[in-house]
Protein chains: 2
Amino acid sequence: EIVSWVENFFAARGALVGKKALITAGPTVEPLDPVRFFSNYSSGKMGYALAAAAREAGAEVTLVSGPVSLDAPAGVTRIEVKSAEEMKNTVLVHLPDADVIIKAAAVADYRPKHVFKQKMKKSADELTIVLEKTEDIALEVGRRKRPDQLLVGFAAETEEMERHALSKLERKGMDLIVANDVSKPGAGFGSDTNIVSVYDREGLVISLPRMNKIEVARQIIALIGERLDEH
Amino acid sequence: EIVSWVENFFAARGALVGKKALITAGPTVEPLDPVRFFSNYSSGKMGYALAAAAREAGAEVTLVSGPVSLDAPAGVTRIEVKSAEEMKNTVLVHLPDADVIIKAAAVADYRPKHVFKQKMKKSADELTIVLEKTEDIALEVGRRKRPDQLLVGFAAETEEMERHALSKLERKGMDLIVANDVSKPGAGFGSDTNIVSVYDREGLVISLPRMNKIEVARQIIALIGERLDEH
């Protein structure tokens with residue numbers, strides 16, 4: 001066990017020296033009125049682990065983070081945002097500088113179409129809310145990215161993981177996608193561990209057993225290091 | 001300043017010896033699917049400060065808390081819940097034992113009527129969601145409470161604070177209501193300070209300047225101590 005931990009620790013050693021990593025993490029928060037919002041269960045742990053592992057591997061790291069209760073990893077530049085719109089704007093500003101973009105944030109894909117200026121009063125028994133699609137950050141990044149930039153996305157699924165992940169990879173012009181079945185115990189939202197499979201355009205690249213998120217992050221960073229060298 | 005801090009520290013001293021306090025805190029989280037939810041910006045700080053101040057004043061404290069990133073105050077029994085429904089059930093179980101019930105939680109008043117079992121796929125440009133009213137915990141507690149029990153509620157308002165607070169106090173059978181204008185800087189959600197006014201059925205009881213939430217909590221606990229003595 002010590003050997004495997006040590007191997008893991010050194011897996012990503014030096015893999016990103018001289019590289020710039022732009023990493024997103026956490027949920028976004030989409031307001032309905034001054035006190036209410038829509039969000040999701042992302043804890044930010046996977047994105048923060050990736051930021052720590054990328055830094056450890058020698059990268060200069062910019063972490064664009066939604067609201068989470070985590071401290072920024074040492075040596076990482078954190079930019080805090082709330083909504084999908086803020087996250088998109090921030091990512092696009094930093095995109096040209098990045099060698100690798102890792103989109104680990106769980107960006108809201110819908111937000112209330114109308115945001116109320118005052119707190120809504122509780123009156124009607126039912127309330128109908130229209131949600132509209134948010135900006136698709138991954139799609140926009142996929143469109144703008146240069147051939148020398150590597151785009152890594154995430155897919156949190158509850159069913160048909162492989163099919164949904166490969167479809168997302170293709171649609172959004174990603175180079176790699178990290179998929180996890182968030183309905184499994186020990187995977188995904190809020191958990192300290194994760195169970196992931198990584199795919200590229202040719203199919204499955206690696207499938208990892210349940211591991212701590214920092215160990216998962218090191219494996220992903222090692223793989224990114226290899227892919228950047230091939231670029 | 002030291003004098004006023006000391007006065008404040010001792011304001012609630014012994015005020016709740018031999019009493020049982022049931023305190024709710026934090027937001028509730030209402031699921032839309034396995035990963036998405038509706039919630040609000042309550043940080044739980046005011047409710048946790050009240051739990052700490054009540055314990056400091058000698059009470060046996062049960063804290064029913066929605067998801068927050070705060071540690072339970074020393075000596076306080078914390079019960080963690082997620083949805084409005086779970087909060088209601090937990091509060092009603094502990095209600096008969098309580099001398100004072102302080103409802104500082106920001107309970108969701110609406111929740112998605114239909115909860116999807118699988119993660120919703122992003123497809124339609126717009127999505128209509130029907131929200132239904134949640135159980136009105138304060139109203140139910142107001143109905144069930146005995147004359148020897150004191151019910152203290154909160155009102156977070158963004159306009160017409162006094163009118164809304166007095167109307168809520170009346171409607172829900174509360175003995176005291178703590179109102180704050182969450183649109184003011186230094187008041188309400190997420191802030192370490194608060195600016196509150198306390199009302200009873202006769203009108204304004206006290207109006208406090210901006211203070212740390214623990215100081216606000218001590219003033220409220222001192223007032224509750226006086227009211228319980230009068231009961």
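The values are calculated or read from the model by the stated rules, or taken from the named source; none is laboratory data. Just so you know, these numbers come straight off a predicted model, no measurement behind them. When we count neighbours, we look across all protein chains shown, and the Cβ atoms used for this are built from the backbone with ideal geometry, even at glycine.
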How many residues are assigned to a loop (DSSP other than H, G, I, E, B) and either of a type outside the set (Gly, Ala, Ser) or more than 9 Å from chain B (Cβ to nearest Cβ) (or both) if we restrict to segment A:19-43? 10
Return yes or no: is residue B:103 touching a helix residue (DSSP H, G or I) at 6+ places or on another chain (Cβ under 7 Å) and not aliphatic (A, V, I, L, M)? yes
Confirm whether residue B:165 is at pLDDT below 90 and either under 29 Å from residue A:134 (Cα atoms) or among the small types (Gly, Ala, Ser) (or both). no
Pick from A:103, A:113: which is within 22 Å of residue A:50 (Cβ to Cβ), among the basic types (Lys, Arg) and in contact with a strand residue (DSSP E or B) (Cβ under 6 Å, 6 or more places away or on another chain)? A:103
Number of the exception - residue B:183 against (1) in contact (Cβ under 8 Å) with a residue 12 or more places away in the chain; (2) closer than 26 Å to residue B:92 by Cβ: (2)
What number of residues within segment A:183-205 are over 18 Å from the mean Cα position of the chain (by Cα) and not in a loop (DSSP other than H, G, I, E, B)? 3
Top-ranked residue of segment A:66-115 - restricted to ones that are within 15 Å of the chain's Cα centre (by Cα) and of a type in the set (S, T, N, Q), ranked as nearest to residue A:127 (Cα to Cα): A:83
Of all residues in segment A:158-214, how many are within 14 Å of another protein chain (Cβ to nearest Cβ), touching a Gly at 6+ places or on another chain (Cβ under 7 Å) and over 15 Å from residue A:103 (Cβ atoms)? 1
Residue B:46 vs. criteria among the aliphatic types (A, V, I, L, M), within 14 Å of chain A (Cβ to nearest Cβ) and not in a loop (DSSP other than H, G, I, E, B): yes
Out of curiosity, is residue B:62 closer than 23 Å to residue B:42 by Cα, of a type in the set (S, T, N, Q), in contact with a Lys or Arg (Cβ under 9 Å, 6 or more places away or on another chain) and buried (at least 21 other Cβ atoms within 10 Å of the Cβ)? yes
Evaluate segment A:78-94: report whether one residue or more is surrounded by 19 or more Cβ atoms within 10 Å (Cβ to Cβ) and either of a type in the set (Asp, Glu) or out of contact with any helix residue (DSSP H, G or I) (no Cβ under 9 Å at 6 or more places or on another chain) (or both). yes
